[in-house]
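The values are calculated or read from the model by the stated rules, or taken from the named source; none is laboratory data. Just so we're clear, the structure is a prediction, and the values are computed from it rather than from any experiment. Here the Cβ is made from the backbone with ideal geometry for all residues, glycine too, and neighbour counts use every protein chain on show. These area figures cover heavy atoms from the full protein model, side chains too; ligands, DNA and RNA do not enter into them. Shrake-Rupley method; radii C 1.70, N 1.55, O 1.52, S 1.80 Å.
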Amino acid sequence: MSEASNGVPAPQSGVARAARALPAAASGWRWLPVAAAIIVADQLIKAWMVHHFAPFERVHVLRVLDIILTYNTGAAFSFLSDASGWQRWLFVLLALGVSAALIVWMRRLHAAVHGLLACGLALIVGGALGNMIDRLALGRVVDFIHVHWRQAYFPAFNLADSAITVGAVVLLIDAWRETRAARRGRV
């Protein structure tokens, strides 16, 4: 029998119920413009750097901060940068997969209740996709922020990397707040 003939609705998957239960505007998707802004700003800054700087050209900004044009074929801390080129596609697929999963997660969040979590996820998505665009267009990621202290140098990074890092910190803060709220609820 069909759903119309017996008046009993057909069972739905959890995803279908979650998607219907919350309008997109009230979901974590409300934070997607943050991800888009990160991508646009990241790509504009990188294009400016590539146009105005030669590789390894350095400008001292502060005693602990330089702006320098570098490229990274690997991931964080040049992980797999010496590989033969297959890592480019691994990191593209990883960025797409993680971003897709985070966007689905954002859709299931109620923005008014989980705004901090959705914001952190949006920052991570924006950063991941910003670096993915570099990998697709250039085969490597443009880095330009170089922090150091005396003779100790941190690897160069970019706005997308910063967004991913801040997003991860925001997720940790959200988890800490949720844990504290749950403990207070038990007492």
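Residue selection: L129 fails the criterion of being closer than 30 Å to D66 by Cα and open to solvent by 80 Å² or more (accessible area, probe 1.4 Å). Scanning the stretch 25-40 for residues that are among the small types (G, A, S), at pLDDT below 95, part of a helix (DSSP H, G or I) and surrounded by 12 or more Cβ atoms within 10 Å (Cβ to Cβ) yields A26, G28. In summary, T73 fulfils each of the numbered conditions (1) modelled with pLDDT of 95 or more; (2) buried (at least 16 other Cβ atoms within 10 Å of the Cβ) with the single exception of condition (1).
For the stretch 149-168, a tally of residues being open to solvent by less than 20 Å² (accessible area, probe 1.4 Å) and not aliphatic (A, V, I, L, M) returns 2. The residue that is most open to solvent (accessible area, probe 1.4 Å), counting only those in the stretch 83-126 that are over 17 Å from E178 (Cβ atoms) and in a loop (DSSP other than H, G, I, E, B), is S84. Checking each residue in the stretch 134-144 for being among the hydrophobic types (A, V, I, L, M, F, W, C) and crowded, with 19+ Cβ neighbours inside 10 Å picks out V141, V142, F144.
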